[in-house]
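Participant: Before I ask anything, let me first share the structure, which is written out below as structure tokens.
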Amino acid sequence: MLRIALPLVLAEVGWMSMSIVDTVMVGHLPNAATAISAAALSQVFFNMLVFGIGGILLGLDTTVAQAHGAGRFDEANRWLYQGILLAVAISGLLMMIFAVAPFGMSRLHTDPEVLKGALGTLGALSLGTLPLMLYFTLRRYLQAFNHVRIIAAALVSANLVNILFDWLLIYGHRWSLTLAAHTFVLAIPMLGVVGSGISTSLSRAYQAVFLIAALLYVNRKHDYGLLRVSLAPHWPSIRRLLALGLPSGATILIEIAIFTVVTNLIATLGSVPLAGHEIALNCIAFTFMIPLGLSAAASIRVGQAIGRRSLPEARAAGWTAIGLGAIFMLFSSLLFIVAPHRLASAFTHDPSVIAAAVPLLLIASIFQFCDGLQVTAIGALRGAGNTHSGLITHLCSYWLVGLPLGIYLCFHQHMGARGLWLGLCAALVIAGIVLILLWRRQLRLISV
């Protein structure tokens, strides 16, 4: 489990580091609260759509891993090509949505300067949609074939690319060189928060190119036969991917959408609460990457074991991932309890924004353990081909319990952002408990 999980964890951490670096860099612009708030609105809207709709591609976790476990490489290759066709179609759909998104976002009741920055950043982020979908697809294949170090290398190096372009584009620079009485000037304009979106898109294009090159290399080295498979659409396979992937994508969409709604509700409270929310959200998203990497490893190991028809191996893989995720999240809870001020101070020096973030980090410490349980259990269930349980659980816990409770505490009990976060806390506790019970039930069904 660790041989597969650790590179995937590193990859997920590298993925989240891009967002954190962007937030830290825009947090040191002159008007930190406005800049961080603009980044928050654009990122949460972009992530909701891309990871929700693009989450359809998670169906490849089940199909490719099980084909690999059964030793049917030709079948795994066919799944990859159908996934690429689906990724292109999804990218087209997303680009159309992003084209009309400004009409809806312009109706948000928030600071006009925040909204202006958010719309510009969203447009910049949308440029990286197709590379991001291709990355998702190629990653599923590589990790199912246990080439997880390649994925980690792609994310780590992409972070370096992102840092470089953030430095160039967010703050702007001017260089001059005098030669033979002639002065040559190179100027890069200061793009602010929009520059962070352009930098992220460039980094995602780099990731896609990296994985394409890596895939061609491992195919030639191990003779997987990728170049011998028909590129024509196979509609039964695409329907199977949609049947598996739509519930997975909807599960992610429901989870990210709740944070999108909460972000928009907090935006009505002002730029300072929104900036504090964004900092706390970055912190919990970072710790979430570790159990998320374990969840991906659980999908692979459980899927491979089921492909080999080895129930004991599938059971052990699922519980191992769940246990490791829970242990890590206990340590992250402790960190949020003992050092919330220091964590918030790493993003900005604005004392009002720091004060807004600290209470939210303390609330986050309560639900970290259950958050680790629910995401790793979803990964184990996905490896077994069960992509519906997570969807139903998230729909009920977030939208029927968490959001109504959060709205009541925020606006009726006048608790502000803290009230909305307490609603999220209740939802995650419920989801964690329910999904562990569903994983136990899934194991009994497999044995039968």
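A short reminder: the numbers here are calculations on the coordinates, not readings from a lab. Just so we're clear, the structure is a prediction, and the values are computed from it rather than from any experiment. Glycine gets a Cβ as well: all are built from the backbone with ideal geometry, and neighbour counts include every protein chain shown.
Participant: Give, in nm to one decimal, the length gained when the segment between Trp167 and Ser352 is fully stretched (0.36 nm per residue of separation minus the Cα-Cα distance).
Facilitator: Values: separation 185, 0.36 × 185 = 66.60 nm, distance 2.55 nm.
Extra length from Trp167 to Ser352 when fully extended: 64.1 nm.
Participant: If you build a Gaussian network model of the chain, linking Cα atoms that sit under 10 Å apart, which residue out of Ile56, Ile188, Ile238 swings the most?
Facilitator: Of Ile56, Ile188, Ile238, the most mobile in the Gaussian network model is Ile188.
Participant: Give the calculated FRET efficiency between Arg3 and Val156 to the nearest 0.05, with a Förster radius of 25 Å applied to their Cβ-Cβ distance. Don't skip to the answer; put the middle values down first.
Facilitator: Numbers: r = 18 Å, r/R0 = 0.71.
E(calc), rounded to 0.05, equals 0.90.
Participant: Also: Determine the shape class of segment 1-66: with a ≥ b ≥ c the square roots of the Cα gyration tensor eigenvalues, call it rounded for a/c under 1.5, and otherwise prolate if a/b is greater than b/c, oblate otherwise. Intermediate values should be presented prior to the final figure.
Facilitator: On the way: a/c = 6.41, a/b = 1.84, b/c = 3.49.
Cα axes put segment 1-66 in the oblate bin.
Participant: Please report, to two decimal places, log10 I(q)/I(0) for segment 250-339 at q = 0.20, 0.26 Å⁻¹ as given by the Debye formula with identical point scatterers on the Cα atoms and no solvent.
Facilitator: Normalising to I(0) and taking log10 leaves -1.00, -1.19.
Participant: While we're looking at this one, here's another question. Rounded, prolate or oblate: pick one for segment 320-448, where a ≥ b ≥ c are the square roots of the eigenvalues of its C-alpha gyration tensor, a/c under 1.5 means rounded, and failing that, prolate if a/b is larger than b/c, else oblate. Don't skip to the end; give the middle numbers.
Facilitator: Details: a/c = 3.34, a/b = 1.67, b/c = 1.99.
Verdict is oblate for segment 320-448.
Participant: Of Leu216, Ile284, Pro359, whose Cα points farthest to the positive end of the dipole of the chain (charges on the beta-carbon: +1 Lys, Arg; -1 Asp, Glu; origin at the Cα centre)?
Facilitator: About the Cα centre, the residue reaching furthest to the positive side is Leu216.
Participant: Quick one: length gained pulling Ile433 to Leu108 fully straight, 0.36 nm per residue minus the C-alpha distance?
Facilitator: Values: separation 325, 0.36 × 325 = 117.00 nm, distance 3.51 nm.
Roughly 113.5 nm would be gained on extension.
Participant: Right, something else. What distance in nm lies between label points placed 7 Å from Cα along the C-beta direction at His234 and Leu311?
Facilitator: Once both label points are built, they end up 2.9 nm from each other.
Participant: Kindly list the residues of segment 4-24 that lie in the label zone of Ile188, defined by a backbone N under 16 Å from the point 7 Å along the Cα-to-C-beta vector.
Facilitator: Flagged as within label range: 22.
Participant: Could I ask something else about it? Given a Förster distance of 30 Å, report the FRET efficiency between Leu362 and Val24 from their Cβ-Cβ distance, rounded to the nearest 0.05.
Facilitator: Working: r = 21 Å, r/R0 = 0.71.
So the FRET efficiency works out to roughly 0.90.
Participant: If the chain between Met96 and Arg72 were fully stretched, how many nm would it gain, using 0.36 nm times the residue separation less the Cα-Cα distance? Mind showing how you got there, number by number?
Facilitator: Numbers: separation 24, 0.36 × 24 = 8.64 nm, distance 3.70 nm.
Contour length minus Cα-Cα distance gives 4.9 nm.
Participant: Let me ask something additional. Kindly provide the helix-only [θ] at 222 nm of the chain, computed as the sum of -39,500 (n - 2.57) over DSSP H runs of four or more divided by all residues, to the nearest 500 deg cm²/dmol? Show your work: numbers first, answer last.
Facilitator: On the way: 16 runs with 355 residues, N = 448.
Dividing the helical sum by the residues of the chain leaves -27500 deg cm²/dmol.
Participant: Please say if the chain is rounded, prolate or oblate, where rounded means a/c under 1.5 for a ≥ b ≥ c the square roots of the C-alpha gyration tensor eigenvalues, and otherwise the choice is prolate for a/b larger than b/c and oblate otherwise? Spell out each step's value before the answer.
Facilitator: On the way: a/c = 1.83, a/b = 1.21, b/c = 1.51.
Judged from the Cα gyration tensor, the chain comes out oblate (a/c at least 1.5, b/c at or above a/b).
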